[in-house]
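Derivation of every value follows stated rules applied to the coordinates shown; laboratory data play no part. Just so we're clear, the structure is a prediction, and the values are computed from it rather than from any experiment. Note: ideal-geometry Cβ built from the backbone for every residue, glycine included; neighbour counts use all protein chains shown.
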Amino acid sequence: MFTTWGTISVIFFSSLSIYFLKQLKDRYANQQIDIKPLLIIFVVISLRLAIPIELPIIGHFLSTNVLVLLSKMLRTKILMDYMILDLMIFFWFTISAYKLIKLIRKTYVTNRVFSIFPSSEIPQSIMPSLVDFMPKRRKIRVIYVNFVPAPMVIGLVKGTIIIPKDDYTEAELSMILQHELTHFLHFHMLIKLLIEFIYALYWWNPLLFVIRRQTYELLEKDVDLHVLKMKENNSVTYTEFLFKMYRKAETYGINSNIIWNKTPLISEFAGNESNSEFTTRCRSILSFDENSKRTKLNNLSYTLLLILIVMVSLVTFQPDYPIPEGNEYFILTEDNSYIIETDKGFDVYYKNEYLETIEEITVEYEHLEVKSE
C-alpha cells in the first residue's frame, strides 16, 4: 500500500544506504574488489525506490514531536483548499512525467536513427575470441558509422553495437566487441533503464545522481574485468586503447547537439566519463591480476549494509499524534467524533479537532459518520 510516510521512510533509508555505499566504494576504489555485491545492492535499493509501498510486515517508529510538526505543516492549506503536501506532490510528479517522456523520446529517436543502417559482418578471424561473449537467445548486430564519438551498444532485447568507422587492428576490434557484448550479455541496459527511471522519478534528491554515477562506474568496471580475463588481452594494451578512444571522443566534441548525445540508455566504450573517473578506471585496470584474490568487504561493512537494506524494506516512520488536552482517556462516539475522507486516507476528528489519519476504516471507527471534504 502506498502511503505518505511509507514513501518518505523509503526515501530516507535509501538515501542513507546510497551515501554509505558511495563511501564504501570510494574507500576501495583502487583495489580489486568483487563488485557484484555492490552492484546488486545498488539495484535492490533502486527497485525499492521504484515501488515505495508499505509491506504487510512493516514496523512503525512513532514520533511525537518532529513528525507531528512536519505533518501539520504539510497539511496546511495555502492555496484555496490545497495543502502544501498536495502542491509538492503535483510539482514532483509533473516534473517527473516530463523527464520520463524526455527519456522515452530520446531512446526512441536514437533507436530509430540507428535502425536504418545495414548490419555488418564480424570478421571470421576474430570470432574465436568472441565465443564466450555471444548471447545465445538474444539477437545483436554490428553497424559502422562515421558520426559517433566512441563505440557503444543500445537495445534491451535486440541489441545494436555501433562502431565509429576507423582502421582498427584485429586486437582492437576484438576488444571493442568483447566490451560491448559484455554490456549486452550482462543485461546492463536493463539496469540502466531501472536507474534512469528512478533518477527521473526522484529528480529532486541529489543522492540519486550519486547512485546513477556509481552504478554506471560499477557496470564499466564489471565489463573491464570480464574482458581482461581473456588470455589474449592484457591490462596495458587495453588501457592504452581505452585512452586512445577516450581522447578521440573528447576531440570529437562531447557537447555537440547530436540527438543521441547524452542519451542515457546507451553504453559507450569510453568518453562519457569525467577525467577523474576515467583515471580511476584506468588505475583499476592496470592493477588487475587474474591470479590475485579480490579484496573482500569487512564484516562490519556488510552488517551495516544489511541493516540499512532491511530498514529500507521493513521500517516506517509515522507521527504519533498526542491526545487532546484534558482527555487522558476518551471514547470516540457519533456525538463527539467524525471522519473526513480525503485523497490521502481518512482524517479522524474529535470535538472538531484533528486527531489522526487512518488508511482504512477499521472496526473501532466504523460507527463514526464519514463526511466528504
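Data for the structure
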item: Label point distance in nm, Glu240-Tyr82, each placed 7 Å from Cα along Cα→Cβ; result: 6.2 nm
item: Sites Tyr98 and Ile307, calculated FRET efficiency, Cβ-Cβ separation with R0 45 Å, nearest 0.05; result: 0.80
item: Note, ³J(HN,Hα) from phi for segment 151-156, Karplus 6.51, -1.76, 1.60, rounded to Hz, x at Gly and Pro; result: x, 7, 10, 9, x, 9
item: Built amide H within the under 5 Å cut-off of Arg141, gap 5+; result: Gly159, Thr160, Ile161
item: Relative packing of 150-158, 110-118, 239-247, which averages over residues the other C-beta atoms within 10 Å, highest first; result: 150-158, 239-247, 110-118
item: Neighbour-count order for Val148, Val370, fewest beta carbons within 10 angstrom listed first; result: Val370, Val148
item: Label-to-label distance, nm, for residues given as Val109 and Asp167 (7 Å Cα→Cβ offset); result: 3.6 nm
item: Cα centroid of segment 167-199 to Cα centroid of segment 84-113, whole Å; result: 26 Å
item: Under 5 Å, built H, 5+ apart or other chain: amide partners of Ser267; result: Val153
item: Segment Val315-Thr362, extension gain: residue separation times 0.36 nm, minus the distance between their alpha carbons; result: 14.7 nm
item: Antiparallel DSSP beta bridges within segment 117-239, percent to nearest 5; result: 40 percent
